[in-house]
Amino acid sequence: MVAIEALTGLSPIRLSQDPYTGEIIWHEFATINLELRNIIDKMVRSKFVHRYQTAAEVISDLNCLPANIPDRQDSSRLFKLFNSGRYVVKNIIYLLISSTAIFLGLSILQGVGYLEKYLNRADSNFQIGIGKVKNKDLNGAITDFDEVIRINPKYAPAYFMRGLTRFNLGDKKAAIDDYERAIRINNNYIEAYFHRGIARFELGDKQGAIQDFNQAIRINANYADAYLKRGVARFELGDKKLL
């Protein structure tokens, strides 16, 4: 979690979980190399058996990354602070290993202003909505996500969370509409593809669901849940040879 907190600038309580997989939803808040993102995902898997079992395993995978991860114009400030991707994440790992180092590292980051971020109004409403989802106040959450979108119509996570909330209320068609809006804003929004696939499957559009799971796998070839859901959809269509 410290790695994700450092990369996104968000505290753990501000990050939501996918209700289907239990995984932390954070990709939208940090633009990083795909291989590096997969390593961090494995560090925080919801199921212990799917995580790295030792720090040595993490370091080994980090050593397989390119010597330098190209800096992008929209990359996180942490990457702008440190030029080498491997150097950055190795230091995050060391922070995770040592609690003393964690506090020291965060103090340093605070010193350069990295953690000194203030929520704007849209972000504040979004987090209030997330809290209401956790407290099962789904209709109240939708009201908050509506307000976020009113303030910032390009706030893709608000569309996604509103869609997820509408799905849980049984309005699958409205959920699909919101997932599509999130994808129009960010065509690599992997969670939106995955959950649109689930909604399409439950509405009987199994071929459309397969297309969405294909997109999720295109973005992340290690997305196990997308493979599983795609296999179920193919089975339902009678295409057993492709399972």
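The values are calculated or read from the model by the stated rules, or taken from the named source; none is laboratory data. All values reported here derive from a predicted model rather than from experimental measurement. Heads up, the Cβs are rebuilt from the backbone with ideal geometry, glycines too, and the neighbour counts pull from every protein chain shown.
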Task: Qualifying residue in the range 201-224 (condition: surrounded by fewer than 17 Cβ atoms within 10 Å (Cβ to Cβ), within 22 Å of the chain's Cα centre (by Cα) and not in a helix (DSSP H, G or I)) - done: yes
Open item on the list: Of everything in the range 122-159, what is out of contact with any Lys or Arg (no Cβ under 9 Å at 6 or more places or on another chain) and under 19 Å from Ile190 (Cα atoms)? Give them in sequence order.
Closed with: Lys154, Tyr155, Pro157, Ala158
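Residue by residue, here is whether (1) at pLDDT below 95; (2) within 21 Å of the chain's Cα centre (by Cα); (3) crowded, with 22+ Cβ neighbours inside 10 Å; (4) not aromatic (Phe, Trp, Tyr) holds:
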residue: Asn125; (1), (2), (3), (4): yes, yes, yes, yes
residue: Ile128; (1), (2), (3), (4): yes, yes, no, yes
residue: Lys134; (1), (2), (3), (4): yes, yes, no, yes
residue: Ile151; (1), (2), (3), (4): yes, no, no, yes
residue: Met161; (1), (2), (3), (4): no, yes, yes, yes
residue: Phe167; (1), (2), (3), (4): no, yes, yes, no
residue: Lys172; (1), (2), (3), (4): no, no, no, yes
